[in-house]
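Here the structure is laid out as structure tokens; the discussion comes afterwards.
The values are calculated or read from the model by the stated rules, or taken from the named source; none is laboratory data. These numbers come from a predicted model, not from an experiment. As a convention, Cβ positions derive from the backbone with ideal geometry for all residues, glycine included, and neighbour counts pool all protein chains shown.
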Amino acid sequence: MNRNMKYDRKRIVIFAILACCGLGACRISGGSSPDETLSSEAAEAAGERSDVGLSQQEEAPAAWQSESAQDGTIDFEILQSLNPDIFAWLYVPGTDIDLPILQSGIADDYYATHTPDGETGGGGAYTEMANLMNMCDFNTVIHGEDHGEGDIFFQLHQFENPDFFNSHDVFYIYLPDNLLTYTIFTAYYDEGSDILRRYDYTTYAGCSDYLEHMYGTRDIGRHFRDGWDELTPYHFLVTLNGTTDSETGTQYVVIGALTGDEAGTIDRKIFD
């Protein structure tokens, strides 16, 4: 039986029922035709399918978004099954910075334009290939977007507030087999050049030159914690670096020195 014959039969049945109930033909003319009903049902079904698709898309990054260092544990097995470029986790108490750190083998700035699950979009927190992923470099620079509210490193600017800086003195980096604690000793607006390529951090002289530069920075809003004026090339630093502001030529940095190495594995050689 073809579709039109089905519709004709349905119309006959509808008219018969309405006639028995004493309803007028004008009521019928105001109703939906079978074609319109089917179109409505199809639209609803399409909407349901769209909602299902959206839910599935929203579930994609849930594996890392559901992780948090606030409970003291990070499931790297789940994270690395999502994206093997995830090698660490950054947690800055007092802020919403509680997220994975990635390093791409494709390009240093790959995660400037890709999410932690590898999709094109808002950038993640990432290091460049010049930095070791075991956190044993003199200065590990962790980059993140800082163009405005909602960017992952925008909340670093809370450290511009002296009270916040004084009351929040640590951040943590989780590794699959270690937990590292860094004491935040300074925060300021740095010049907008590449921190990793200013000096040779594999040599004692290069590390010393960087420390001299850092101590000599004259930013009017700079904060520096008491008791941290004698760092040496034998320390281990992490620089949280907001994306460079091309208009002002500056970038906001929050720098911490390693003060806790739970597994006792952080070490390196320094060349003269």
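With the structure loaded, tell me whether residue 146 is of a type outside the set (Gly, Ala, Ser), without any contact (Cβ under 8 Å) to a residue 12 or more places away in the chain and touching a Gly at 6+ places or on another chain (Cβ under 9 Å) or whether it fails that test. When the stated conditions are applied, residue 146 does not pass them.
A count restricted to the range 183-217 and to residues that are of a type in the set (Phe, Trp, Tyr), loosely packed, with under 14 Cβ neighbours inside 10 Å and more than 16 Å from residue 255 (Cα to Cα) stands at 0. Contact map, the range 219-240: first residue outside any loop (DSSP other than H, G, I, E, B), second residue of a type in the set (Ser, Thr, Tyr), Cβ cut-off under 6 Å, separation 6 or more or different chains; pairs are 224/186; 238/140; 238/182.
Being touching a His at 6+ places or on another chain (Cβ under 6 Å) and in the same structural domain as residue 122 (by TED's automatic domain parsing) narrows it down to one of 257, 205, so name that one. Walk me through it before giving the result.
On the way: 205 fails: touching a His at 6+ places or on another chain (Cβ under 6 Å).
Exactly one residue qualifies, and that residue is 257.
Taking the conditions (1) over 23 Å from residue 122 (Cβ atoms); (2) modelled with pLDDT of 95 or more in turn, residue 159 satisfies each one other than (1).
Figure legend. Inter-residue proximity from the range 254-266: first residues assigned to a strand (DSSP E or B), second residues at pLDDT 95 or above and small (Gly, Ala, Ser), beta-carbon distance below 9 Å, spacing 6+ or different chains. Indicated pairs: 254/187; 255/187.
Taking the residues in the range 54-71 that are modelled with pLDDT of 90 or more and assigned to a loop (DSSP other than H, G, I, E, B) as candidates, determine which candidate is surrounded by the most Cβ atoms within 10 Å (Cβ to Cβ). Across the range 54-71, the extreme among qualifying residues is 67.
Please work out which residue is surrounded by the fewest Cβ atoms within 10 Å (Cβ to Cβ), limiting yourself to the range 111-139 and to residues that are among the β-branched types (Val, Ile, Thr) and more than 18 Å from residue 98 (Cα to Cα). Walk me through how you get there before you give the answer.
Filtering the range 111-139 down to residues among the β-branched types (Val, Ile, Thr) leaves 113, 115, 120, 127.
Checking which are more than 18 Å from residue 98 (Cα to Cα) leaves us with 113, 120.
Values: 113: 13, 120: 7.
In this case the residue turns out to be 120.
Evaluating residue 92 against the criteria (1) touching a residue at least 60 places away in the same chain (Cβ under 8 Å); (2) over 21 Å from residue 141 (Cα atoms) leaves one unmet condition, (2).
I'd like the full set of residues that are assigned to a loop (DSSP other than H, G, I, E, B) and over 19 Å from residue 155 (Cα atoms), limited to the range 75-112.
Going through the range 75-112, the residues assigned to a loop (DSSP other than H, G, I, E, B) turn out to be 75, 83-85, 92-97, 103-109.
Listed by number, the residues that qualify are 75, 83, 84, 85, 103, 104, 105, 106, 107, 108, 109.
Could you check, for the range 142-152, whether at least one of its residues is outside any loop (DSSP other than H, G, I, E, B) and surrounded by fewer than 18 Cβ atoms within 10 Å (Cβ to Cβ)? No: zero hits.
Pick out the one residue from 180, 156 that is out of contact with any helix residue (DSSP H, G or I) (no Cβ under 7 Å at 6 or more places or on another chain), among the aliphatic types (A, V, I, L, M) and not in a helix (DSSP H, G or I). Give the derivation first.
Details: 156 fails: not in a helix (DSSP H, G or I).
Selected residue: 180, the only one of 180, 156 that is out of contact with any helix residue (DSSP H, G or I) (no Cβ under 7 Å at 6 or more places or on another chain), among the aliphatic types (A, V, I, L, M) and not in a helix (DSSP H, G or I).
Within the range 167-218, being among the polar types (S, T, N, Q), more than 30 Å from residue 72 (Cα to Cα) and touching a residue at least 40 places away in the same chain (Cβ under 8 Å) holds for 202, 203. Scanning the range 183-231 for residues that are closer than 20 Å to residue 92 by Cβ, touching a helix residue (DSSP H, G or I) at 6+ places or on another chain (Cβ under 7 Å) and at pLDDT below 95 yields a total of 1.
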